[in-house]
């Protein structure tokens, strides 16, 4: 039987049976289910019943605020004086009260009194109080139907067109970023897991000198290519489990009212799989190089931090990506091979990525994998027998020249 | 066909010579002892033979040609420092590495059971390697080395860390492998081990050949003109004895060049001295090495 296949099979089975792989693979759907469940539970428990309508007291010193005292789930109750309002608050007849001072129409200032310790006033209350004030201010000055419009003048309905002027398949939506965002985070974690698995495996083989036994049976190329392919397949299996669980989670999320406006970008699935595989292969190739020059598994893990943490750079700056999606820095990160997988996934949810950028990014990634594999095999061949001592940079360069 | 032929091999690391002009060969059915102190260049020589690294100059031929991938199925290698996949069972490890040497799984399992039985490890075959003692692990590694019935076996310090019982078991298996026609290279710094097993030896020091040839011939050529005796009572002065060296339980009598050992034995009998031991002194490999290298170990 082909030796490459035999090592591939051994490495693949060894990895998928490991506790860390099982946890990493299952934790995504499990956490997703937990997240949906907890959100649904919190939402259900937090929904106020009819009896739980919030009662807010107010003292109208201007004398024009007496209508539309029920706004949604908030009921505004008038008090003649501040003292009466305070007494009502102390008795808990009201949850809070506001003072509309005499100079309100010129200053616009409203005083709010509450027993609660709050950093900011809840937005729902702000909106409802605002509506109450606006409706009363406009009453008798504009027609009733205009009052509603003035209070809430903007209700945007956005439609995205394609270049032909037809309605685009993919509409802009905050829900677009959710799946790519989660996926890019998982991708980064999976790449980190893959790199760590490969380096620790190589470290174990080097430290125990099993690597010498293996190389007395197979070639360096056979061993390393098998390891890279096994890791890539492991990653693919992982992403398949996640993708299979995704529709179930999404339907559960919609059913529970959590994340109802989710859209998956049209090219997300195809590009997601391509970048996942390429990312895994690149990190596997880099890990082989690091595994070759590391004196032990722990040192290899530390050295691999350079590229595993770098792959998270797009996530660190994701808020800037949302604010400035057209910056050229994102183009650089899309093409730079270490950040390309995560950056591309993130950008898919935020804006369109020109085809040339995607093609260049995939091309650079592919080239990096081939060149990286070539160099890693060379480095590995020269340094595979070393353990307990890490070669210096000049030694590595010399070995690349001589190999 | 010669199993291994090494010609004028040189290797150095950052200016330090590891192997210097080594030439030797190993034939099928022969056990060559590659001996020398630690750091003599034994492991470097083995790694060049196995094509783990390239020599600076010189040539290595395996089975009459430069080593190729197919030859690897015919080589069994036991490295000096040993380890196993901790999470695998002994039998799974043996079968995996046998498969990498092109062995059919059913045949490998059959042979593994025989070897496990011979080494007293059959009952532990499903034990995970991480739960094994060091000695057990070393037996498993030895089995891994020979499971695929290789024509060339290279053993680097095979007895290191083994208890006397296991050492004897491994020695017997090595002896049988030689009888089966395997070419074996046994590398060790424990020179007494090779005296029992090897046909020929290559003794190296500082990467260079010190001695190479038939073990009996080498020992004969270094034979001292002396006898080792253990007697009850005083020997006194004996004609033909020019020096006496007292050891813990014996005396080495250094003879004059024209004195035969038989004459000394006759003299002792004439004096009615009880003789417990009378032996013509042959030097150990260790003594030969010390003689040649002047005790200049690395």
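Between the range B:64-105 and the range A:308-348, what is the C-alpha centre distance in whole Å?
45 Å
Please report the antiparallel percentage of the DSSP beta bridges confined to the range A:1-98, to the nearest 5.
20 percent
For chain A, with a Gaussian network of springs between Cα atoms less than 10 Å apart, report the residue from A:284, A:246, A:323 with the top mean-square fluctuation.
In this elastic network of chain A, the residue with the biggest mean-square fluctuation among A:284, A:246, A:323 is A:323.
Between residue A:267 and residue A:355, what is the spin-label point distance in nm, taking each point 7 Å from the Cα along the Cα→C-beta axis?
Roughly 0.8 nm, to one decimal.
What average count of beta carbons from other chains do you get within 10 Å of the Cβ of residues in A:215-223? Intermediate values should be presented prior to the final figure.
Working: counts 6, 17, 15, 5, 4, 1, 1, 2, 1.
The shielding value for this peptide is 6.
So for chain A, averaging the separation of alpha carbon pairs under 8 Å that are six or more residues apart and normalising by length, what relative contact order in percent results?
RCO, chain A: 19 percent.
For chain A, modelled as a Gaussian network with Cα springs under 10 Å, which listed residue fluctuates most, A:153, A:247, A:354?
Checking each option, the largest mean-square fluctuation is seen for A:153.
For chain B, what ratio Rg/Rh do Cα atoms give with a Kirkwood hydrodynamic radius?
1.07
Treat the count of other C-beta atoms within 10 Å as a stand-in for reagent exposure and order A:160, A:347 from fewest to most.
Sorted ascending by nearby Cβ count, the order is A:160, A:347.
Helix A:393-402: angle to the longest alpha-carbon principal axis of chain A, degrees 0 to 90, nearest 10?
50 degrees
Give the percent of DSSP beta bridges with both residues in the protein assembly as shown that are antiparallel, rounded to the nearest 5.
60 percent
Who wins for biggest fluctuation among A:287, A:251, A:106 in a Gaussian network model of chain A, springs between alpha carbons below 10 Å?
A:106
Round to a whole angstrom and tell me the spacing of the C-alpha centers of the range B:239-256 and the range B:1-52.
A separation of 39 Å, based on Cα centres.
Among bridges DSSP assigns within the range A:51-151, what percent are antiparallel (round to 5)?
35 percent
Could you work out [θ]222 nm for chain A from helices alone, using -39500 (n - 2.57) per DSSP H run of at least four and dividing by all its residues? Round to the nearest 500 deg cm²/dmol.
About -21000 deg cm²/dmol.
With viscosity set to 0.890 mPa s and temperature to 25 °C, compute the Stokes-Einstein D of the range A:51-151, Rh being the Kirkwood radius across alpha carbon pairs; µm²/s, no decimals. All intermediate terms of the calculation are to be shown ahead of the outcome.
On the way: Rh = 14.1 Å.
Approximately 174 µm²/s, per Stokes-Einstein.
Using a Förster distance of 35 Å, how high is the FRET efficiency between residue B:235 and residue B:160, based on the Cβ-Cβ distance and rounded to 0.05? Write down the numbers at each step before the final one.
Details: r = 41 Å, r/R0 = 1.17.
Rounded to the nearest 0.05, the efficiency is 0.30.
What is the spin-label model distance, in nm, from residue A:148 to residue A:30 if the labels are put 7 Å beyond Cα along the C-beta direction?
According to this spin-label approximation, the distance is 5.1 nm.
What percent of all Cα-Cα pairs in the protein assembly as shown falls in each 20 Å bin, counting up from 0?
Distribution as computed: 13, 30, 24, 15, 10, 5, 2, 0 percent.
Bear in mind these aren't lab numbers, they're just calculated from the coordinates by the rules spelled out. Bear in mind that the values here come from a model prediction, so they are computed numbers and not experimental data. Note that each Cβ is placed from the backbone with ideal geometry, even for glycine, and that neighbours are counted across all protein chains shown.
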